[in-house]
Amino acid sequence: MFELARLKVRRFRGFVDEEEFVFDQPVVLLYGENHRGKSSTLNALEWCLFGDQCFGAKTGIRERVDWEIPNRYVPGDVTVTAEFNGPDGRYTIRRDHVAAGRRGAGTVTVVLPDETKLHGDEAQHQLYQLFRSSFQEFMTTVYQHQEAIRSILTQEPRQRNEAIDRLLGLSEYRELLGGIDKAQLEKTEKALEGKFENLRQRAEQSIRTYNNLIGEEKSKAIAAGIPEQDLNQQEALRRAKEIGDAVERLAQDLGLADFQLTIPQAYDEIAEFREWVKTEADQLWAKAPDVVKQENLAREQQDLASPKGNYESARAAVTKAQGERDELVREHGDETALITIADKQRGKTKELEQRIRQTNDRANLVGEAIQYLKTASLGGAVQRCPLCGTEVPDLLAHLESEWEERIKKEVEQLDDQRKTHKSELERVESLTKELKALETNLDATRAAADQSVQEIGAALGRDIGKEEDPGALVNARLKQIASELEAVRQAIEEKRPRIGALHDELAQLRTIDEIVRYERKRAAVERIWETTEFAELSALRDQTSELVEDVRAIRDSIAAVSREEAQERVAAAGAAVDGYFCRLANHPAIPGLLMGVTEDTRSGLNSYVFKSKDGTDPTPILSQGDLNCLALSLFLGLAEAMGETQPFAFMMLDDPTQSLGSEMKLQLVSVLEGIGDRRRLIISTADTEFKDLLMANITKSKALYNFLDWTEQGGPQITRPS
Amino acid sequence: MGYKETVRGKLNECEQRAAERHALWRSIEDSFENEGAEGMANELKRQMAHLEKKFDTALANLASML
């Protein structure tokens with residue numbers, strides 16, 4: 001067996017500078033608060049021995065999934081060195097990890113007692129030869145992980161079963177089964193089956209659809225007078241030839257000698273032939289002389305309609321403008337008469353304006369004379385009339401007032417006359433303006449009429465003389481066109497039944513063609529299951545099923561060996577587990593613990609069953625402390641079951657008292673005292689009570705490493721009191 | 001004996017499609033060893049996806065005949 005003598009750790013996880021641990025006493029305690037580096041010390045030994053086997057998802061330990069080997073705060077090469085005392089001397093194992101990369105197996109070196117140094121694969125092989133132990137075995141019988149206890153402290157059966165699988169070293173099987181389930185192959189197979197079924201249903205639906213279409217087309221065919229026995233490819237070809245012949249005859253009758261036609265020789269040519277004939281027949285018809293003449297006449301008829309309308313509108317406009325002008329002349333005279341009247345009114349107005357000015361001048365003169373008399377001695381209160389000599393009071397004031405009244409009246413009469421003449425002048429000038437506008441309008445309508453005559457001439461293709469009536473000429477031509485159109489129409493009507501018959505024949509051919517095509521498509525769908533494509537699909541279905549079946553068989557094998565191994569280990573360790581559990585838990589209601597393994601029918605995973613020796617189910621009464629005891633019992637039981645085959649002469653316990661009460665801790669110390677007779681113990685704990693119990697009750701000599709502090713830059717601060 | 005050998009031994013108990021199942025188990029153990037359960041699930045999915053792709057192609061060919 002191999003005893004651990006010394007461990008040196010540098011840059012591993014939280015470690016910075018090299019720390020050395022000497023395991024020179026039967027019991028070595030790593031004591032300190034959480035996050036001080038105790039577990040990392042134990043993990044360092046594990047990594048040194050097993051490299052990348054001890055981290056990642058495959059370990060079944062969630063905390064190990066994203067495990068980082070190098071110190072994340074102080075980069076540098078990682079080195080862990082473990083010295084073991086073996087049967088034939090000292091073995092030194094060193095694992096290095098270069099700074100690049102956060103994870104990795106590192107490189108291992110083994111120094112044998114004779115100082116031989118082995119590296120790489122050779123060293124790895126030597127490790128296996130020395131210890132013949134896997135990481136799983138180490139984890140279940142040498143190193144009790146704190147996570148193993150933590151995960152069993154659950155009442156949820158699935159998680160507890162998973163935790164016990166881990167304690168028994170069966171995590172890999174569980175991981176494998178989980179991975180297979182995660183692939184969800186059966187779900188994919190089911191989806192593929194769904195797609196296949198969908199194809200089958202679509203094919204059936206397709207056949208039903210073609211049946212309906214064929215039924216509808218047959219009904220149409222029978223209604224169109226096509227006998228049912230004619231609904232086949234041969235009849236379609238025969239009818240196609242008849243149609244081709246009819247088209248050729250029609251072309252000849254229409255005078256189109258250069259027409260050429262290809263009669264289909266195979267059924268597959270019929271669809272194209274039908275389209276071709278349909279297009280060509282329409283083009284033949286369009287090229288027929290009567291049809292061309294009909295189109296030309298219709299176009300000329302349409303071309304004449306517009307000039308004729310324009311001409312008639314222009315003539316009506318001239319008549320209207322002429323009438324309006326003539327009426328004004330009749331009522332008020334022509335332009336010359338209106339000018340004469342205006343001149344007369346203008347003269348009268350001027351004359352009256354002259355007379356008003358003269359009257360005003362005289363009034364001013366008399367006014368000035370009166371003012372003079374007022375100032376030249378006639379200004380007294382009593383004045384004498386110069387004509388009769390009679391004395392008159394205020395004579396001059398009286399004369400002035402009377403004169404002003406008279407002049408005012410005279411001027412007003414003259415102004416009234418002037419206004420009358422001026423008003424008349426304005427009326428006449430307005431009429432003159434109106435007359436000019438009517439005459440301008442009349443000229444414009446006449447010009448438009450002349451333009452419409454030219455348009456008619458252009459439409460008729462000839463000049464129209466002044467002696468001719470354009471309207472009558474247009475009407476004569478339109479009458480002639482109508483007569484010619486009627487003649488052409490009759491000629492066309494005689495040929496139209498032939499083109500109509502051709503279209504009818506084509507419609508019947510189309511119906512037969514559609515039926516035959518639908519029948520061929522239906523037959524193709526009905527034969528789909530006989531195609532190579534379907535054979536390929538079937539083969540792929542088989543391959544898919546085989547893959548699923550093979551994976552299922554592998555899954556069943558994994559589950560079976562997992563269960564068999566579980567049963568073997570439980571059987572081997574059962575008595576020891578029971579013994580340890582009874583001692584640790586000391587449960588008054590559980591006289592003994594029997595453990596069994598069954599298959600979880602739903603998941604196929606291992607399911608662990610516990611029974612009390614009195615036949616009752618202890619599970620409902622197991623406390624957290626009891627579950628902690630159970631986890632420790634399983635570990636200690638499995639370790640004991642290894643017996644002398646165990647290569648390691650030491651046991652590592654990490655935080656074993658997570659949920660234990662004081663009594664249970666004391667029991668654990670008692671158990672460890674016994675184990676200490678056979679194996680050296682390395683115990684990590686943050687539990688002061690447990691540490692004190694160990695220090696006080698373990699009779700073997702002990703070494704204590706105190707993990708005092710931890711900093712990013714300095715790593716763990718560790719002391720070993722002497 | 002590790003889990004690989006144990007499962008292989010179990011598979012030997014069944015003669016049906018033995019060669020195929022051993023080959024499949026090798027691909028499972030390799031992917032599990034290198035990439036864990038997730039990688040192993042992906043390997044199985046990849047194998048299934050390979051068949052699924054061919055299946056879909058064949059299915060599309062048949063669908064075009066409808």
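The values are calculated or read from the model by the stated rules, or taken from the named source; none is laboratory data. Bear in mind that the values here come from a model prediction, so they are computed numbers and not experimental data. We place every Cβ from the backbone using ideal geometry, glycine too, and count neighbours over all the protein chains shown.
If you go through region A:166-189, how many residues are touching a Ser or Thr at 6+ places or on another chain (Cβ under 9 Å) and either within 13 Å of chain B (Cβ to nearest Cβ) or modelled with pLDDT of 85 or more (or both)? I'd like the intermediate steps shown before the answer.
Step one: filter region A:166-189 for residues touching a Ser or Thr at 6+ places or on another chain (Cβ under 9 Å), giving A:166-177, A:179, A:181, A:185, A:188-189.
Okay, now just the ones that are also either within 13 Å of chain B (Cβ to nearest Cβ) or modelled with pLDDT of 85 or more (or both), so A:168-177, A:179, A:181, A:185, A:188-189.
Number of matching residues: 15.
Could you please give the count of residues in region B:1-28 that are over 11 Å from the mean Cα position of the chain (by Cα), more than 7 Å from chain A (Cβ to nearest Cβ) and part of a helix (DSSP H, G or I)? Steps first, please.
Looking only at region B:1-28, we keep the residues that are over 11 Å from the mean Cα position of the chain (by Cα), and these are B:1-19.
If we keep only those that are more than 7 Å from chain A (Cβ to nearest Cβ) too, we end up with B:1, B:4-5, B:8-9, B:12-13, B:15-16, B:18-19.
Checking which are part of a helix (DSSP H, G or I) leaves us with B:4-5, B:8-9, B:12, B:18-19.
Number satisfying all stated conditions: 7.
Close contacts from region A:543-568, counting a first residue that is facing chain B (nearest Cβ under 10 Å) and under 21 Å from B:Glu5 (Cβ atoms) and a second that is among the hydroxyl-bearing types (Ser, Thr, Tyr) and in a helix (DSSP H, G or I), with Cβ to Cβ under 6 Å and a gap of 6+ residues or different chains, come to A:Ile558/A:Tyr173; A:Val561/B:Thr6; A:Ser562/A:Tyr173.
The condition of being surrounded by 15 or more Cβ atoms within 10 Å (Cβ to Cβ) and more than 17 Å from A:Asp504 (Cβ to Cβ) holds for only one of A:Val277, A:Val247, A:Val291, that being A:Val291. Looking at region A:135-144, can you tell me whether even one residue there is closer than 30 Å to A:Leu547 by Cβ and out of contact with any Ser or Thr (no Cβ under 8 Å at 6 or more places or on another chain)? Looking for residues that are closer than 30 Å to A:Leu547 by Cβ and out of contact with any Ser or Thr (no Cβ under 8 Å at 6 or more places or on another chain), one finds none in region A:135-144, hence no. Within region B:52-63, the residues that satisfy the criterion of being within 8 Å of another protein chain (Cβ to nearest Cβ) and out of contact with any Asp or Glu (no Cβ under 7 Å at 6 or more places or on another chain) are B:Glu52, B:Lys54, B:Phe55, B:Asp56, B:Leu59, B:Ala63.
Condition first: farther than 30 Å from A:Ala482 by Cβ, acidic (Asp, Glu) and in contact (Cβ under 8 Å) with a residue 40 or more places away in the chain. Can you find one or more residues in region A:304-313 that meet it? Scanning region A:304-313, I find no residue that is farther than 30 Å from A:Ala482 by Cβ, acidic (Asp, Glu) and in contact (Cβ under 8 Å) with a residue 40 or more places away in the chain, so the answer is no.
Residues in region A:237-254: is at least one part of a loop (DSSP other than H, G, I, E, B) and hydrophobic (A, V, I, L, M, F, W, C)? Scanning region A:237-254, I find at least one residue that is part of a loop (DSSP other than H, G, I, E, B) and hydrophobic (A, V, I, L, M, F, W, C), so the answer is yes.
Tell me the residue from A:Ser538, A:Ser607 that is within 49 Å of the chain's Cα centre (by Cα) and within 14 Å of chain B (Cβ to nearest Cβ), please. Step through it out loud before you land on a result.
Numbers: A:Ser607 fails: within 14 Å of chain B (Cβ to nearest Cβ).
Just one listed residue meets the conditions, A:Ser538.
Kindly check whether there is at least one residue in region A:50-62 that is loosely packed, with under 15 Cβ neighbours inside 10 Å, assigned by TED's automatic domain parsing to the domain that holds A:Ser701 and either within 28 Å of A:Leu176 (Cα to Cα) or within 50 Å of the chain's Cα centre (by Cα) (or both). Yes, some residue in region A:50-62 is loosely packed, with under 15 Cβ neighbours inside 10 Å, assigned by TED's automatic domain parsing to the domain that holds A:Ser701 and either within 28 Å of A:Leu176 (Cα to Cα) or within 50 Å of the chain's Cα centre (by Cα) (or both). Residues in region A:182-206 that are more than 19 Å from A:Gln543 (Cα to Cα) and in contact (Cβ under 8 Å) with a residue 40 or more places away in the chain: A:Ala203, A:Ser206.
Conditions (1) within 60 Å of the chain's Cα centre (by Cα); (2) among the hydroxyl-bearing types (Ser, Thr, Tyr); (3) surrounded by 17 or more Cβ atoms within 10 Å (Cβ to Cβ); (4) assigned to a helix (DSSP H, G or I), marked per residue:
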{"residue": "A:Asp443", "(1), (2), (3), (4)": "no, no, no, yes"}
{"residue": "A:Gln480", "(1), (2), (3), (4)": "no, no, no, yes"}
{"residue": "A:Val488", "(1), (2), (3), (4)": "no, no, yes, yes"}
{"residue": "A:Glu493", "(1), (2), (3), (4)": "no, no, no, yes"}
{"residue": "A:Asp513", "(1), (2), (3), (4)": "yes, no, yes, yes"}
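Provide a single number: the residues in region A:26-74 that are assigned to a helix (DSSP H, G or I) and among the basic types (Lys, Arg). Here the count works out to 4.
Within region A:698-722, residues that are more than 18 Å from A:Thr41 (Cβ to Cβ) and in contact (Cβ under 8 Å) with a residue 12 or more places away in the chain reach partners that are of a type in the set (A, V, I, L, M, F, W, C) and part of a strand (DSSP E or B) with beta carbons closer than 7 Å, at six or more positions or on different chains, in the pairs A:Ile698/A:Val27; A:Lys700/A:Val27. Of all residues in region A:110-155, those satisfying the criterion of being within 14 Å of another protein chain (Cβ to nearest Cβ), among the polar types (S, T, N, Q) and in contact with a Leu (Cβ under 9 Å, 6 or more places away or on another chain) are A:Ser133, A:Gln136, A:Thr140.
Flag: B:Ala49 matches the condition of being more than 7 Å from chain A (Cβ to nearest Cβ) and not hydroxyl-bearing (Ser, Thr, Tyr).
Total residues in region A:611-622 satisfying the condition of being modelled with pLDDT under 90 and either touching a Ser or Thr at 6+ places or on another chain (Cβ under 8 Å) or surrounded by 17 or more Cβ atoms within 10 Å (Cβ to Cβ) (or both): the figure is 2. Just one of the listed residues (A:Glu33, A:Glu20) is free of Cβ contacts under 8 Å to residues at least 60 places away in the same chain and more than 30 Å from B:Glu38 (Cα to Cα), namely A:Glu20.
Run down A:Ala163, A:Ala203 and say which single residue is small (Gly, Ala, Ser), facing chain B (nearest Cβ under 8 Å) and either assigned to a helix (DSSP H, G or I) or buried (at least 21 other Cβ atoms within 10 Å of the Cβ) (or both).
Details: A:Ala163 fails: facing chain B (nearest Cβ under 8 Å).
Of the residues listed, the single one that is small (Gly, Ala, Ser), facing chain B (nearest Cβ under 8 Å) and either assigned to a helix (DSSP H, G or I) or buried (at least 21 other Cβ atoms within 10 Å of the Cβ) (or both) is A:Ala203.
Against the condition over 30 Å from B:Thr6 (Cα atoms), among the polar types (S, T, N, Q) and part of a helix (DSSP H, G or I), how does A:Asn212 come out, does it pass?
yes
Identify, from the list A:Gln283, A:Gln233, the residue that is at pLDDT 90 or above and over 49 Å from the mean Cα position of the chain (by Cα). Before the answer, list the steps.
Values: A:Gln283 fails: at pLDDT 90 or above.
Unique residue meeting the criteria: A:Gln233.
When the criteria are applied in full, A:Glu83 fails the requirement of being of a type in the set (D, E, K, R), closer than 28 Å to A:Leu672 by Cβ and not in a strand (DSSP E or B).
Using the structure shown, decide if B:Leu51 is within 18 Å of A:Ala559 (Cα to Cα), among the aliphatic types (A, V, I, L, M), touching a Leu at 6+ places or on another chain (Cβ under 8 Å) and in a helix (DSSP H, G or I).
Judged against the criteria, B:Leu51 is not a match.
Of the conditions (1) within 20 Å of A:Leu4 (Cβ to Cβ); (2) outside the structural domain of A:Ala576 (by TED's automatic domain parsing), A:Leu638 clears all except one; give me its number. The single condition A:Leu638 does not satisfy is (2). For first residues located in region A:131-151 and not assigned by TED's automatic domain parsing to the domain that holds A:Pro656 and of a type in the set (Lys, Arg), partners that are surrounded by 24 or more Cβ atoms within 10 Å (Cβ to Cβ) and part of a loop (DSSP other than H, G, I, E, B) and lie 6+ apart or on another chain with Cβ distances below 9 Å do not occur. Residue check: B:Ser31 meets all listed conditions (1) among the hydroxyl-bearing types (Ser, Thr, Tyr); (2) under 19 Å from A:Asp52 (Cβ atoms); (3) more than 9 Å from every other protein chain (Cβ to nearest Cβ) but one, namely (3).
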